[in-house]
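The values are calculated or read from the model by the stated rules, or taken from the named source; none is laboratory data. Given the structure is predicted, the values throughout are model-derived calculations rather than measurements. Because the Cβ atoms are built from the backbone with ideal geometry, glycine has one as well, and the counts that use them run over all protein chains shown. For accessibility, only protein heavy atoms count, side chains too; no ligands or nucleic acids. Shrake-Rupley method; radii C 1.70, N 1.55, O 1.52, S 1.80 Å.
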Amino acid sequence: QWVRFIQVVLHRRGVLAAEDCVPFVTRAFLVHKYAAEIRSLKVLYINDASYHRPTEMMIQGRTGTGKVGENGNVGRGPGTWLFWDQALEDLMGVPPQNIKMVQLLEKPWLFNRPGREANYAPSSPNVKSLDPADERAYFRALKLTQDAYDALKRDPPVVGAGQAGRAPLPGCPASGKSCADELAEISHALNHKYSQALDKWCTENIDSADIIVGQGGEVVMLNMAWQCNQMIGTRLVDAVRANKPVYAGLSASTMVCAKSMEMSGEIQPGWIEAFAADAKHLCRKHFSDKDLNGDGISANVLGALPLLEAPIAMRPHYTEAWAQQVLEKNLLAEKEFEKETGIEIPDDLVHNSKEGCEVACQLLSLVSKAAKDQDCPIFVPIRNGKCIEVTTHYQA
């Protein structure tokens, strides 16, 4: 997978030799041969899926003295996780200084922020026109989402935290809105008010990036971050679809690119009500009436970074425990497809779609090719260690 990833990145830059496009070259060979090119790569690393988690947890998950993947470890040591910056450094040779770790919820295009270990790098946009009252109001709203998250993580969880009209429960705004809607409204207002700062940041960090990566973590919280920053999401989608940067998502950061992010064990009672912003905040440039009509997919679980137009949903970290749920969803998609197109899908293709991403992607391809208005998505189960490559064919 790393061989293919490196090949895609180098091909996008126009430097990959034809003889190095074959599948049997090694990662070490590519890293050595193209070391100078790789050292010039610029990476934007979006880490909002970790924003609400305890800082100590994130630091512990990154702490190790080895290389990513050594001795059977996922990250740099026993019990560590894969973090994009460490993997890009250890497995590709991308210099750490070329990787910018950001969290959209900190608004690095607008606010001077100190940084937080394992979360985001310091930012200093020095926006002269920034009204301090705007900054205070924004971080008050953001804190409500943290309060609600912490309450819903308790044992037992405080169901109702962060929800509309449930004050004085933790994270519930005095306005009567949910904490997600409270944050989305002020976030969008600030992004519009300070649009010049946002545009400058996007030009420097999205349009000029070679690679944009998204970390795994809390999919509901990450989706909320994208719901609250649709102007950033639109710039990213436009750049990727124009074949500028390569986007690579890990777990949650892949789910939010699809039509639905609902099949997750992280969605417990009260989470959607607290952390899913109203669909009115989604940018209509990349969300159609069909996306928002609630048929097949509820608008509150739409992936808020709509890189993929195909009717795909994903279940990462797939195990057999999810098989029946995946099959039930794909049977619904089959029923809709056959009714609207008159085309019969082989029963074994649908039945076997629960076995893994290879078969499910075959089903997805069949449906995507023939259906123009498919509401029910195809759920693609992705086991740990598997990945899906999507090629964008740019149309002006």
Item checked: Which listed residue, of Cys228, Cys172, Cys179, is open to solvent by less than 30 Å² (accessible area, probe 1.4 Å) and free of Cβ contacts under 8 Å to residues at least 60 places away in the same chain -> Cys172
Next item on the list: Identify the single condition in (1) in contact (Cβ under 8 Å) with a residue 60 or more places away in the chain; (2) open to solvent by 30 Å² or more (accessible area, probe 1.4 Å) that Phe275 does not satisfy, given that it satisfies every other one.
Entry: (2)
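Consider Asn243 carefully, then state whether it is surrounded by fewer than 21 Cβ atoms within 10 Å (Cβ to Cβ), not charged (D, E, K, R) and not in a helix (DSSP H, G or I). I'd like the intermediate steps shown before the answer.
Values: surrounded by fewer than 21 Cβ atoms within 10 Å (Cβ to Cβ): yes; not charged (D, E, K, R): yes; not in a helix (DSSP H, G or I): yes.
Yes: the conditions hold for Asn243.
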Next item on the list: Take the stretch 140-157 and flag every residue that is without any contact (Cβ under 8 Å) to a residue 40 or more places away in the chain and either open to solvent by less than 40 Å² (accessible area, probe 1.4 Å) or in contact with a helix residue (DSSP H, G or I) (Cβ under 7 Å, 6 or more places away or on another chain) (or both).
Entry: Leu144, Ala151
Next item on the list: Take the residues in the stretch 1-50 that are open to solvent by less than 30 Å² (accessible area, probe 1.4 Å) and among the charged types (D, E, K, R), then tell me which one is nearest to the chain's Cα centre (by Cα).
Entry: Asp48
Checklist line | Options Gln374, Gln324, Gln362; residue that is over 28 Å from Leu82 (Cβ atoms), of a type in the set (S, T, N, Q) and open to solvent by 60 Å² or more (accessible area, probe 1.4 Å) | finding: Gln324
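Output the number of residues of the stretch 307-330 satisfying the condition of being in a loop (DSSP other than H, G, I, E, B) and either touching a Gly at 6+ places or on another chain (Cβ under 6 Å) or within 10 Å of Val380 (Cα to Cα) (or both). Don't jump to the end; show me each part of the working.
First, pick out the residues of the stretch 307-330 that are in a loop (DSSP other than H, G, I, E, B): 307-311, 316-319.
After this cut, where a residue has to be either touching a Gly at 6+ places or on another chain (Cβ under 6 Å) or within 10 Å of Val380 (Cα to Cα) (or both) as well, the list is 316, 318.
Summing the residues that are in a loop (DSSP other than H, G, I, E, B) and either touching a Gly at 6+ places or on another chain (Cβ under 6 Å) or within 10 Å of Val380 (Cα to Cα) (or both) in the stretch 307-330 gives 2.
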Check: In the stretch 123-182, what residues are within 30 Å of Cys202 (Cβ to Cβ), part of a loop (DSSP other than H, G, I, E, B) and among the hydrophobic types (A, V, I, L, M, F, W, C)?
Finding: Val127, Leu130
